[in-house]
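Beneath this line is the structure, given in structure tokens, with notes to follow.
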Amino acid sequence: MKILAFTDIHNQKNYVDRVYRLSKKADIVVFLGDLTIFGEINPDIVKKLKQIPTLVLMVHGNHDDPELFSQISSVNSNLVFLHKKLFRFEDTLFIGFGGGGFSEREPEFERFVRKNKTEISKFEKIVLLTHAPPKDSCLDELDNVHFGNQSFAKFLKTHSTKKILALSGHFHENEGKLCRDDNRIFCNPGPKGMILNF
């Protein structure tokens, strides 16, 4: 499966134009938050997102109002707001949890995972979409200190026998980073986007 992932475009339409062009080579597109700058959105960005020819799974970032994502996904069939939701695509389970970015833990995410434990256990391939990166990964390190989220890291550790792609943004300093650890792949695709084979 070819997954086109992008994040943190902060109202810059040129990034969405690039993602639109790349999307023709992808099976599915995912967006990891911070579409806007403090909630302000360029309408041309939404218009271009609607034109992407495949499904776009989205979580919101710390700059975004989740209501905006609910609105635009409710009227556009190719846009799916995945915050606190599961989505099956082929043999892979996509798990979405947006917002945040600065908290060490997300108790709400932990409750969501417990609630959906049975469904999650059915899949051997998982794509975790979060705005904030997991703790102690290549994506959360700034000046030799790890600032990521412990709840996301705990999820990855608990499901270490599964093949997992952990996609996140938030830390612009780590844009374009990709690393592997056993069955897990970590990636911050940045605003330009990256196509990943998974």
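Taken together, the values in this text are just the output of simple stated rules run on the coordinates, not laboratory data. These numbers were taken from a predicted model, which means no experiment stands behind them. FYI the Cβ positions are ideal-geometry reconstructions off the backbone, even for glycines, and counts take in every protein chain you see.
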Quick count over region 172-190, residues being more than 12 Å from the chain's Cα centre (by Cα), crowded, with 20+ Cβ neighbours inside 10 Å and not polar (S, T, N, Q), is 1
How many residues of region 157-171 are over 14 Å from the mean Cα position of the chain (by Cα) and either of a type outside the set (Ser, Thr, Tyr) or buried (at least 23 other Cβ atoms within 10 Å of the Cβ) (or both)? The answer is 4
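Listed here are the residues, each with its yes/no results for (1) under 13 Å from the mean Cα position of the chain (by Cα); (2) surrounded by fewer than 21 Cβ atoms within 10 Å (Cβ to Cβ).
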site: Phe69; (1), (2): no, no
site: Ile72; (1), (2): no, yes
site: Ser77; (1), (2): no, yes
site: Lys85; (1), (2): yes, yes
site: Phe89; (1), (2): no, yes
site: Glu104; (1), (2): no, yes
Result of the Cβ filter at 7 Å on region 1-24, keeping first residues that are crowded, with 16+ Cβ neighbours inside 10 Å and partners that are among the small types (Gly, Ala, Ser) and in a helix (DSSP H, G or I), at least 6 apart or interchain, is Leu4/Ser23
